[in-house]
Amino acid sequence: MDHQIRSYMPADLPDILSAWESASEIAHSFLPEPFLIQERAAIQNNYLPTAETWVIEAQGTVIGFLSLLDNEIGGLFVHAEHHQMGAGTALMGKAKQRHPVLEVEVFEKNLIGRKFYAKCGFNPISRHIHEQTGNALARLRFDSAEQGA
């Protein structure tokens, strides 16, 4: 599928939240609803204003996004209807162009995210318990020098 990546604009917010909700329903089904409601508000009020965010479009519609805080991936979400079609990989390629070393935290129960990051060359470096939910988080790192890139 033909994708276009561009910088986030405030008008993209409804589509970004839709992509986040759709992806979270399948990847974060283990998280409590009150936490997800809180995270949805945090995306809009805290993360997007401070992060470098890129959106990916398919046929003129935003289907996913990637937010970077320096070299930390704050979020990478693609609408569930567009999974396995290259959008996440394209967004990751954008992040790798911008930063030769990337880090991300992913819930260990998020098998979709863990599989995706492993495919993208990320390796686990640490783990801790997420205080708000009691779920284990894995910190992963991608280093282009280790990939031969």
- Under 9 Å between Cβ atoms, at least 6 apart or on separate chains: pull out the pairs that start in segment 109-120 with a residue that is of a type in the set (Val, Ile, Thr) and end on any residue that is open to solvent by less than 20 Å² (accessible area, probe 1.4 Å) and in a helix (DSSP H, G or I). Ile112/Ala23; Ile112/Ala27
- Item | Pairs with Cβ under 6 Å, 6+ apart, first in segment 1-27 and touching a residue at least 40 places away in the same chain (Cβ under 8 Å), second assigned to a helix (DSSP H, G or I) | His3/Ala87; His3/Ala90; Ile5/Lys94; Ser22/Ala80; Ala23/Ala80; Ile26/Ala80; Ala27/Ile112; Ala27/Gly113
- Query: Could you say which residue among Tyr8, Tyr47 is under 15 Å from the mean Cα position of the chain (by Cα) and closer than 20 Å to His130 by Cα?
  - Reply: Tyr47
- Message: Please determine whether any residue of segment 117-124 is surrounded by 12 or more Cβ atoms within 10 Å (Cβ to Cβ), within 21 Å of Gln84 (Cα to Cα) and in contact with a helix residue (DSSP H, G or I) (Cβ under 6 Å, 6 or more places away or on another chain).
- Response: yes
- Task: Would you confirm whether any residue within segment 30-46 is over 18 Å from His3 (Cβ atoms) and open to solvent by less than 10 Å² (accessible area, probe 1.4 Å)?
- Result: no
- Thr133 being within 17 Å of Ala23 (Cα to Cα), among the polar types (S, T, N, Q) and touching a residue at least 40 places away in the same chain (Cβ under 8 Å): no
- Note on the structure: Flagged in segment 16-29 as outside any loop (DSSP other than H, G, I, E, B) and either at positive phi or open to solvent by 60 Å² or more (accessible area, probe 1.4 Å) (or both), in numbering order, are Glu21, Glu25, Ile26
- Residue under evaluation Gln4, criteria (1) part of a helix (DSSP H, G or I); (2) open to solvent by 50 Å² or more (accessible area, probe 1.4 Å), criterion not met: (1)
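If you take the residues in segment 56-111 that are among the acidic types (Asp, Glu) and open to solvent by less than 40 Å² (accessible area, probe 1.4 Å), which one is nearest to the chain's Cα centre (by Cα)?
First, pick out the residues of segment 56-111 that are among the acidic types (Asp, Glu): 57, 70, 72, 81, 103, 105, 108.
Cutting the leftovers down to open to solvent by less than 40 Å² (accessible area, probe 1.4 Å) gives us 57, 103.
Details: Glu57: 15, Glu103: 11 Å.
Taking the candidates together, the pick is Glu103.
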- Of the conditions (1) at pLDDT 90 or above; (2) in contact with a Phe, Trp or Tyr (Cβ under 9 Å, 6 or more places away or on another chain), the single one that Ala27 does not satisfy is (1)
- Every residue from segment 129-149 that is touching a Leu at 6+ places or on another chain (Cβ under 6 Å) and either loosely packed, with under 11 Cβ neighbours inside 10 Å or modelled with pLDDT of 95 or more (or both): Phe142
- If we scan segment 38-60, do we find a residue that is farther than 16 Å from Ser22 by Cα, touching a Gly at 6+ places or on another chain (Cβ under 6 Å) and free of Cβ contacts under 8 Å to residues at least 60 places away in the same chain? yes
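The values are calculated or read from the model by the stated rules, or taken from the named source; none is laboratory data. Computed from a prediction, not measured in an experiment: that's the story for all the values here. With ideal geometry, Cβ positions are generated from the backbone for all residues, glycine too; neighbour counts draw on all protein chains shown. We work out accessible area using only protein heavy atoms, side chains counted, and drop any ligands, DNA or RNA first. Shrake-Rupley method; radii C 1.70, N 1.55, O 1.52, S 1.80 Å.
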